[in-house]
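*Asks:* Can you read through this structure? Questions will come right after.
The values are calculated or read from the model by the stated rules, or taken from the named source; none is laboratory data. Note that the coordinates shown come from a computational prediction; the quantities given were computed from them, not determined experimentally. Counting neighbours? That spans all protein chains shown, and the Cβs are built from the backbone with ideal geometry, glycine included. Just so you know, the surface numbers come from the protein's heavy atoms only, side chains and all, with ligands and any DNA or RNA stripped out. Shrake-Rupley method; radii C 1.70, N 1.55, O 1.52, S 1.80 Å.
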Amino acid sequence: MADSFRKRYFFKVFSSVFSAATSVVVQSIIPRGLGALAYGNFNFLTDFFTQVLGFLNMGTSTAFYTKLSKRPDESPLVLFYLSYIILATMLVLLGVWIAGGLGWSQKLWPGQGMEFVFMAVIFAGMMWLQSSTNDMIDAYGLTVKGEIVKIIQRVLGLGLILLLFWKSCIYMRNIFIYQYVLMLTMIVLFFYLMRKNGFEVQPSRIKGKGAAAYGREFYRYSQPLFLYALGGLVVGIFDRWFLQWCNGGVQQGFYSLAFKIGAVCFLLSSSMTQLITREFSIAHHKQDYQLMAQLFRRHIPLLYALTAIMCCFVAANADKATLIMGGKEFKGALLPVAIMALYPMHQTYGQLSGAVFYATDQVRLYRNIGLIVMFLELPCTYFLLASPVHFGLGLGATGLAVKVVAANILSVNVLLYFNTKFLKLPFFWYVIHQLINVIVFLGLALFVRICLDHLFLGKNVLFHFLGDGFVYLLMVAAVVYIAPGLLGLHRQDILRFLNKKPVLP
């Protein structure tokens, strides 16, 4: 039996908090062990092939999730999609081998050895496979048990990285192997969990004609996204490649650290995306647009505000976050970290607004909006990263962070406009909600920092960061109690929660 939405939601929250805590430890060890240059190279390669396989994905992962949510007993659908992931990864490996043989490797991957290039392809393929098995867990309603598996994997990951750090064995090769072990562990445990609960992939049940039918079904869904995926590939690869080409691995390392810190802030809302996408898909399948509007109104402002609370604190304390996560070698990442800390807030809107587009089959509109924004991104990337000799500003990691955040804010609010129009919700309320949250929470974070800086002067930076954070959260709790509208809630919702009567449907 599938877990209730409320139970799945709260297990997601608990797992996200635990994941954030372990991620802070892991992400503070890996950059220190690798150093800025090697850390930048690792992230350049893994991001490059994540973008390539993202192009071959072309929205099929979302299609797979929404279709499986509606047809959970369809085992051949699972077999077809997992086979597609493996085939796509093998094609990319073949392409890399050909590029290396033709002598293109240093043009495509400046300063990188081919061993690490191949390892990065396998990393990206396993990430896609892990993400898809996680989608299956949510689609089958096994979220609670799946989150327990994730906690087990994160404990294992924390133990392994501490062991590597203790043995002074943190090198690029070992980090790739470390990631393989963690992803393979999660994939195996997920399949065991699905099989134990009666969801099993049966190879004998899919035939040639069935595979062709699934191919046509995914093609119809994803064909409108071809240009969007191609644009995403060009922009995504160009951003990191141009940063590597113009500024080298160290600036790549600064941007990568900023991106990783932002990713920790995004853990809570990103883990909820699949749950809410599933509910959107089911509501749309029943043509219950009133329920879709209720889900949007209830969850999206709340998740944005919860993400903003964390992001604004990190942005106000970017210097401390940089030292904690990267060490003194990453001091140059302060500005990129402060800017990228704001990225997850609007990414929350982007993920959940995108879920509405996919669930309601408005794929062409989603594609067109994305393409227009991408068209504007390329010249901005060039201008911000290129050296003054080549008519640019030469801002390196800081410039790329500015571009990414600005483009995200623009695209998210355009998506939001069309979603609110479709669901008959007030667009400007959501825009004002975004602005007020940033003003209030960033203002609170800066106020706490200014007031407490003299108390923690000369003390351990982690102690300083945690002390500021504790006082900040107390002030946030007081402000939210006075003005629950910041979280998109009413006073009655807060009182019900305090009386242990969950407000979630």
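*Asks:* State all residues of region 65-80 that are within 15 Å of Ile282 (Cβ to Cβ) and open to solvent by less than 40 Å² (accessible area, probe 1.4 Å); if no residue qualifies, say none.
*Replies:* Tyr65, Thr66, Lys67, Leu68, Ser69
*Asks:* With the requirement that a residue be among the hydrophobic types (A, V, I, L, M, F, W, C) and crowded, with 16+ Cβ neighbours inside 10 Å, what does region 107-118 give you?
*Replies:* Matches in region 107-118: Trp109, Phe116, Val117, Phe118.
*Asks:* Further question on the same structure: What's the number of the only condition in (1) open to solvent by 20 Å² or more (accessible area, probe 1.4 Å); (2) within 27 Å of the chain's Cα centre (by Cα) that Val121 fails to meet?
*Replies:* (1)
*Asks:* Let me ask something else. Please determine, by comparing only the residues of region 90-106 that are in contact (Cβ under 8 Å) with a residue 24 or more places away in the chain and open to solvent by 20 Å² or more (accessible area, probe 1.4 Å), which one is nearest to Leu45 (Cα to Cα).
*Replies:* Leu93
*Asks:* With respect to Ala315, is the statement that it is within 19 Å of the chain's Cα centre (by Cα) and assigned to a helix (DSSP H, G or I) true?
*Replies:* Yes: the conditions hold for Ala315.
*Asks:* Now a separate question. Looking for something polar (S, T, N, Q) and farther than 27 Å from Pro224 by Cβ - is there at least one such residue anywhere in region 345-353? Don't jump to the end; show me each part of the working.
*Replies:* Quick first cut of region 345-353, residues polar (S, T, N, Q) only: 347-348, 351, 353.
Next cut, farther than 27 Å from Pro224 by Cβ only: none.
No, region 345-353 contains no residue that is polar (S, T, N, Q) and farther than 27 Å from Pro224 by Cβ.
*Asks:* Pairs, please: C-beta under 6 Å, at least 6 apart or cross-chain, first residue within 16 Å of Phe238 (Cα to Cα) and touching a residue at least 12 places away in the same chain (Cβ under 8 Å) and in region 401-421, second in a helix (DSSP H, G or I) and open to solvent by less than 20 Å² (accessible area, probe 1.4 Å)?
*Replies:* Sorted first by the residue in region 401-421, then by its partner, the pairs are Ala401/Ala258; Ala401/Pro336; Ala401/Met340; Lys403/Thr381; Ala407/Val373.
Yes/no matrix, rows are residues, columns are (1) out of contact with any Lys or Arg (no Cβ under 9 Å at 6 or more places or on another chain); (2) open to solvent by less than 10 Å² (accessible area, probe 1.4 Å):
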residue: Ser281; (1), (2): no, yes
residue: His284; (1), (2): yes, no
residue: Met292; (1), (2): yes, yes
residue: Arg298; (1), (2): yes, no
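*Asks:* Here is a further query. Search region 13-64 for residues being at pLDDT 80 or above and among the hydroxyl-bearing types (Ser, Thr, Tyr), and hand back the single one that is most open to solvent (accessible area, probe 1.4 Å).
*Replies:* My answer is Thr50.
*Asks:* Based on this model, can you work out whether Asn413 counts as part of a helix (DSSP H, G or I) and open to solvent by less than 40 Å² (accessible area, probe 1.4 Å)?
*Replies:* Taking the combined requirement at face value, the residue satisfies it.
*Asks:* Of the residues Tyr214, Tyr228, which single one is open to solvent by less than 40 Å² (accessible area, probe 1.4 Å), touching a helix residue (DSSP H, G or I) at 6+ places or on another chain (Cβ under 7 Å) and at pLDDT below 85?
*Replies:* Tyr214
*Asks:* Residue by residue through region 300-319, note down the ones that are closer than 13 Å to Ala258 by Cα and either of a type in the set (Phe, Trp, Tyr) or open to solvent by 10 Å² or more (accessible area, probe 1.4 Å) (or both).
*Replies:* Once the filter is applied, which keeps residues that are closer than 13 Å to Ala258 by Cα and either of a type in the set (Phe, Trp, Tyr) or open to solvent by 10 Å² or more (accessible area, probe 1.4 Å) (or both), region 300-319 yields Val314, Ala315, Asp319.
*Asks:* Out of curiosity, is Phe391 of a type in the set (Phe, Trp, Tyr) and open to solvent by less than 30 Å² (accessible area, probe 1.4 Å)?
*Replies:* No; evaluated as a whole, the condition is false for this residue.
*Asks:* Restricting to region 431-454, count the residues that are open to solvent by less than 30 Å² (accessible area, probe 1.4 Å) and within 23 Å of Met340 (Cβ to Cβ).
*Replies:* Total meeting the criteria: 7.
Condition check ((1) surrounded by fewer than 21 Cβ atoms within 10 Å (Cβ to Cβ); (2) in contact with a strand residue (DSSP E or B) (Cβ under 6 Å, 6 or more places away or on another chain); (3) at positive phi; (4) not small (Gly, Ala, Ser)) across all residues:
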{"position": "Gly326", "(1), (2), (3), (4)": "no, no, no, no"}
{"position": "Met340", "(1), (2), (3), (4)": "no, no, no, yes"}
{"position": "Gln351", "(1), (2), (3), (4)": "no, no, no, yes"}
{"position": "Pro379", "(1), (2), (3), (4)": "yes, no, no, yes"}
